[in-house]
Amino acid sequence: MTVEPENVKSIVALDFDNWVNGGRKSSGLRTLLGKGIFTTDGDDWKRSRAMLRPSFDRNHVADIHCFESHLQNLLKLVPGNGKTVELSVLFFRLTLDSSTELLLGQSVSSLCHTGPHEFLEAFDRAQQRCFLYGILGDAWRWLTWDKKARQDQKLVFDFVDGVIDKEFLLPASEKQKSSVTFLRQLVQQTHHRENIRSELINILVAGRDTTASLLSSLWFVLSTRPDIWHKLQAEVQTLEGRHPDAGQIRDLRYVRALVKETLRLYPPVSIDLREASEDTILPRGGGPDGAAPILAKAGSVMIWNLYAMQRRKDLFGHDANVFRPERWFDDEQTGEKGLRQSWAYVPFHGGPRLCMGQQLALNQAIYTTVRLCQEFDAIDCRGPPEFEAQVSLVIRNRGGVNVGLWQRARPSST
């Protein structure tokens, strides 16, 4: 395992071709993700990335108004009188609903079902198995690949396949009347249904879970830090109640720093790994002090720990473990520069596999946070005030995000 930025840079960028997903990681993930952008290497990966890239063009990502209808469904489930609500559960439903609409053209509308939701629960169980298989290997997969696991896989596959079939059968005249989805853009490039399904599920897992993890961690912080809550409220009030558009989101300086600091201390994907496809050299890890280069033999697995690396005091200062959004600002009085993007801070990966959906995820996280601040003017933590990291495919607080929220008073109409 490494927490060295130079090693991460070498693995994901400089020596990219020498490091692959490897058998353990890919075989576990493929039980749900199939052969998609996150489970393939080489030419297969290049084809996946080329096929998906048009879906993340600037115009598509800038259209953030689609989030509002799902946010309204979430608001219906949040008491505005201080009664305790578990926000992380709602955030994971919110991002599932918005992601399925963006990807497939139809939402699973999990926020509209207060009880059990068949697709949601099967999808969650299948993802958890992926994580365990990737960590524990094929032996664990064969021991636990039971009837329930097959049923969950089939339910997810059948749902996505059904939407794909509808898209193929949709007349051209009807397609012209509806908005362009990720699915429609994939269908324009290939008619291979299994490939389309795999790519859609890959992006669904990434888009839903990482954004929900970010929102959950961010709102946990807001519930425990009144000082940050008040600064956030002050900036949001400059919008004067208007729903933010993409341009305004770019100008919300404090909100953006708040998101960056959340991603630093609570990176959604807190660990990652690659397998050396041939003998290669890592810049650090050798010698008595670990500062010299070291040989990584073909077949060796290297894990990097973002959660630890992004908290290193020698990289982020003596207060590296303190949540302080201001560290991202330049000091106008002293001229000292704030934090900048570097290989010590890679919540969206880097190199050729840099996350194509990062701007979409940031837009949804910021839009959701701003809109909730416009609806509620007070928040109270209802659980342990310390974050206890629980790692699966993404990081979550073990105790959830239990808070009380108070509805903002509406101005009188008289």
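Values as computed for the structure displayed
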| read-out | value |
| --- | --- |
| Residue in the stretch 203-210 that is of a type outside the set (D, E, K, R), closer than 28 Å to L52 by Cβ and without any contact (Cβ under 8 Å) to a residue 40 or more places away in the chain present | no |
| Residues within the stretch 225-253 that are touching a helix residue (DSSP H, G or I) at 6+ places or on another chain (Cβ under 9 Å), surrounded by 12 or more Cβ atoms within 10 Å (Cβ to Cβ) and over 30 Å from D57 (Cβ atoms), tallied | 6 |
| Candidate set: the stretch 292-330, residues that are modelled with pLDDT under 95 and β-branched (V, I, T); chosen: the one farthest from H349 (Cα to Cα) | V301 |
| Single match in L372, L339, L393, L360 (criterion: of a type outside the set (D, E, K, R) and modelled with pLDDT of 95 or more) | L372 |
| Spans of helices (runs of 4 or more DSSP H) in the stretch 177-275 with at least 1 residues closer than 20 Å to Q106 by Cα | 182-187, 193-224 |
| Residue within the stretch 210-222 that is modelled with pLDDT of 95 or more, touching a helix residue (DSSP H, G or I) at 6+ places or on another chain (Cβ under 7 Å), over 24 Å from E86 (Cβ atoms) and buried (at least 19 other Cβ atoms within 10 Å of the Cβ) present | no |
| Looking only at the stretch 144-175, and only at residues there that are assigned to a loop (DSSP other than H, G, I, E, B) and more than 27 Å from the chain's Cα centre (by Cα), the one that is farthest from D97 (Cα to Cα) | D146 |
| Extreme residue, farthest from F220 (Cα to Cα), among residues of the stretch 381-414 that are charged (D, E, K, R) and surrounded by 15 or more Cβ atoms within 10 Å (Cβ to Cβ) | R408 |
| Failed item, numbered, when P116 is tested on (1) free of Cβ contacts under 8 Å to residues at least 24 places away in the same chain; (2) part of a loop (DSSP other than H, G, I, E, B); (3) within 21 Å of the chain's Cα centre (by Cα) | (3) |
| Test: residue in the stretch 261-275 that is out of contact with any Pro (no Cβ under 8 Å at 6 or more places or on another chain), surrounded by fewer than 21 Cβ atoms within 10 Å (Cβ to Cβ) and farther than 30 Å from M309 by Cβ | no |
| Matching option when the condition is within 26 Å of V403 (Cα to Cα) and within 16 Å of the chain's Cα centre (by Cα), among S223, S213 | S213 |
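Quick grid of which residues meet (1) modelled with pLDDT of 95 or more; (2) under 20 Å from H192 (Cα atoms); (3) not β-branched (V, I, T); (4) not in a helix (DSSP H, G or I):
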site: R24; (1), (2), (3), (4): no, no, yes, no
site: G28; (1), (2), (3), (4): no, no, yes, no
site: L32; (1), (2), (3), (4): no, yes, yes, no
site: T39; (1), (2), (3), (4): no, yes, no, yes
site: L52; (1), (2), (3), (4): no, yes, yes, no
site: V61; (1), (2), (3), (4): no, no, no, no
site: H70; (1), (2), (3), (4): yes, no, yes, no
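The values are calculated or read from the model by the stated rules, or taken from the named source; none is laboratory data. Remember, it's a predicted structure, so these values are computed and weren't measured experimentally. No Cβ is skipped: glycine too gets one built from the backbone with ideal geometry, and neighbour counts run over all protein chains shown.
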